[in-house]
Amino acid sequence: MMHCTMDDLLALRAGEGSAWARSHVEACATCRAELDALYQRVAQLKALPARRPARDRWPVVREAVMAGRRRRERWGVWSVAAAAAVAGLLVFRPFGTRQADAAELARVKQESATLEQQLDRYDPDARVISGRLAALAAALEDRIAVIDGELARLGPPDVPPRPAELVKLWQQRVDLMQQLVGVHVTRAAYVGL
């Protein structure tokens, strides 16, 4: 004699069993006992107490989040320090060029530092942005990194850079930084609607 499978019994319990399974359970004491045991197991499981965490996990979660934020802030401080060091090397290096180029270079570097401070105030890592804006911000940051690499490459003392080339690179960096600030400011304005 063929008995009901567990799937058949579960279907019967859910009210969806086949006609064969219903008639078989009525006729077979073994399958009826198994179906009754299934009902009892479900009732016992429902009677179990609800489990709650032994303690409040919020302080641990908060500490983990704050540790990540402190780590990002440290990287931000190091990035600004590195940029300042590169800028210091370039400013204190003798240019041997016209005073106008030096003044323009100083102006562009100051504008770049101001834009970096403005970006730090917006704290883009702590805000939620759309995928499109995140991709745009990442592309701009990558282009800024390339220019920073070029500026660092021009740093060795054995190859004196041309001031016009430095001004051009710093101006490109400022333009990209302005676009990046625009992305974050626009996003912040839309979020405030």
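The values are calculated or read from the model by the stated rules, or taken from the named source; none is laboratory data. Just so it is clear, the structure is predicted and the values come from calculations on it, not from any experiment. When we count neighbours, we look across all protein chains shown, and the Cβ atoms used for this are built from the backbone with ideal geometry, even at glycine.
List of remarks:
- Residue check for LEU90: surrounded by 13 or more Cβ atoms within 10 Å (Cβ to Cβ), in contact with a Leu (Cβ under 9 Å, 6 or more places away or on another chain) and at pLDDT 70 or above: no
- Selection count, the stretch 1-20, where residues are free of Cβ contacts under 8 Å to residues at least 24 places away in the same chain, surrounded by 12 or more Cβ atoms within 10 Å (Cβ to Cβ) and of a type outside the set (Ser, Thr, Tyr): 4
- Test for ARG162: is it of a type in the set (D, E, K, R), more than 22 Å from GLN178 (Cα to Cα), at pLDDT 65 or above and not assigned by TED's automatic domain parsing to the domain that holds GLN178: no
- Residue check for ARG41: at pLDDT 85 or above, basic (Lys, Arg) and outside the structural domain of ILE147 (by TED's automatic domain parsing): yes
- Every pair of residues 6+ apart whose Cβ atoms lie under 8 Å, when the first sits in the stretch 28-41 and is without any contact (Cβ under 8 Å) to a residue 24 or more places away in the chain while the second is surrounded by fewer than 11 Cβ atoms within 10 Å (Cβ to Cβ): ARG32/GLU26
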